[in-house]
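A.B. asks: Before anything else, here's the structure in question.
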Amino acid sequence: MIEHKNFSNIESDRLLLRNVNNEDVDFIYKLFSDETVCKYLYDEEIFTSKNDAIEFVEWNKDPEEKGYNRWVLVEKDANHEPIGTCGYDNWDRMNNIAEIGYDLWHEYWGQGYMKEALISAIESGFNHMKLNRINAYVALDNVNSMKLLEKLGFVNEGVYRDKHLFRGKYYDHYSFSLLNRDWNHLKDTNFQNNRHK
């Protein structure tokens, strides 16, 4: 009998999504110590040492046991370079809800990589984790992230007030959601033909 996995590695057209491991420490440190990448990430302080990255990797290892994960996005065509991450957290198995998070090295912004990665991650969430609803929270000024979620069919349900306390200040976030039935309807349209746009 084949073991069912909730967080398998995934391939898309240009990317491999694989679960984070010890070999990723340098990249994770580079990603989360960069002020441009972290501009709207109010849930954690910017990384200041390799130890922060080691803790991140340790936290996200063994996803099948823990029930949350982080895929590293690896470009398939160019030296297999890691370019970002995405994954699921806060999995409510009773109500089949989880929260998705994502981040991308700034040199790859605007090229459709994150849309491509999220399509794969969303498919995985609905098919393998049997989710009914995927949540995403976006800082109010993060316009590009909001546009991306809307392209993928997420609905902006309003403002989640004072979601994160960061450096002594509370930050509101938009609360987005995507339901399985909405995703299936979207897939029946031609949206996936434009997966890189």
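The values are calculated or read from the model by the stated rules, or taken from the named source; none is laboratory data. Remember, it's a predicted structure, so these values are computed and weren't measured experimentally. Note that we place each Cβ from the backbone using ideal geometry, even for glycine, and neighbour counts take in every protein chain shown. Just so you know, the surface numbers come from the protein's heavy atoms only, side chains and all, with ligands and any DNA or RNA stripped out. Shrake-Rupley method; radii C 1.70, N 1.55, O 1.52, S 1.80 Å.
A.B. asks: Among the listed residues VAL25, VAL37, which satisfies the condition of being in contact with a His (Cβ under 7 Å, 6 or more places away or on another chain) and not polar (S, T, N, Q)?
C.D. replies: Checking each option against the conditions leaves just VAL37.
A.B. asks: For residues that are without any contact (Cβ under 8 Å) to a residue 60 or more places away in the chain and under 13 Å from TYR40 (Cβ atoms), scanning just the stretch 125-148, find the one that is most open to solvent (accessible area, probe 1.4 Å).
C.D. replies: ASN144
A.B. asks: Residue check: is HIS173 in contact with a His (Cβ under 8 Å, 6 or more places away or on another chain), at pLDDT 95 or above and open to solvent by less than 60 Å² (accessible area, probe 1.4 Å)?
C.D. replies: Yes; evaluated as a whole, the condition is true for this residue.
A.B. asks: Go through the stretch 134-171 and count every residue that is assigned to a helix (DSSP H, G or I) and either within 18 Å of CYS86 (Cα to Cα) or in contact with a strand residue (DSSP E or B) (Cβ under 6 Å, 6 or more places away or on another chain) (or both).
C.D. replies: 8
A.B. asks: Something else: Based on what the data block shows, is GLY110 among the small types (Gly, Ala, Ser), within 17 Å of the chain's Cα centre (by Cα) and open to solvent by 60 Å² or more (accessible area, probe 1.4 Å)?
C.D. replies: Answer is yes for this residue.
A.B. asks: Have a look at GLU55, GLU99, GLU45 and point out the one that is more than 20 Å from TYR113 (Cβ to Cβ) and either among the hydroxyl-bearing types (Ser, Thr, Tyr) or surrounded by 15 or more Cβ atoms within 10 Å (Cβ to Cβ) (or both).
C.D. replies: Sole residue among the options that is more than 20 Å from TYR113 (Cβ to Cβ) and either among the hydroxyl-bearing types (Ser, Thr, Tyr) or surrounded by 15 or more Cβ atoms within 10 Å (Cβ to Cβ) (or both): GLU99.
A.B. asks: Moving on. Out of the stretch 172-193, which residues are out of contact with any strand residue (DSSP E or B) (no Cβ under 7 Å at 6 or more places or on another chain) and outside any loop (DSSP other than H, G, I, E, B)?
C.D. replies: ASN180, ARG181, ASP182, TRP183, ASN184, HIS185, LEU186, LYS187, ASP188, PHE191, GLN192, ASN193
A.B. asks: Still on this structure, I have one more. What strands (runs of 3 or more DSSP E) completely inside the stretch 1-120 contain at least 2 residues that are more than 29 Å from ARG181 (Cα to Cα)?
C.D. replies: Passing ranges, in order: 71-75, 82-92.
A.B. asks: If you don't mind, another one. Which number in (1) in contact (Cβ under 8 Å) with a residue 24 or more places away in the chain; (2) in contact with a His (Cβ under 9 Å, 6 or more places away or on another chain); (3) aliphatic (A, V, I, L, M) marks the one condition that VAL159 misses?
C.D. replies: (1)
A.B. asks: Separate question: Only one of these conditions is not met by ASP24: (1) within 27 Å of TYR174 (Cβ to Cβ); (2) open to solvent by less than 20 Å² (accessible area, probe 1.4 Å); (3) touching a Pro at 6+ places or on another chain (Cβ under 9 Å). Which number is it?
C.D. replies: (1)
A.B. asks: Within the stretch 76-96, track down each residue that is within 21 Å of PHE32 (Cα to Cα) and surrounded by 16 or more Cβ atoms within 10 Å (Cβ to Cβ).
C.D. replies: Once the filter is applied, which keeps residues that are within 21 Å of PHE32 (Cα to Cα) and surrounded by 16 or more Cβ atoms within 10 Å (Cβ to Cβ), the stretch 76-96 yields PRO82, ILE83, GLY84, THR85, CYS86, GLY87, TYR88, ASP89.
A.B. asks: Looking only at the stretch 149-168, filter to residues that are hydrophobic (A, V, I, L, M, F, W, C) and open to solvent by 60 Å² or more (accessible area, probe 1.4 Å); which one of those is farthest from ARG181 (Cα to Cα)?
C.D. replies: Step by step, filter the stretch 149-168, then rank; the result is LEU165.
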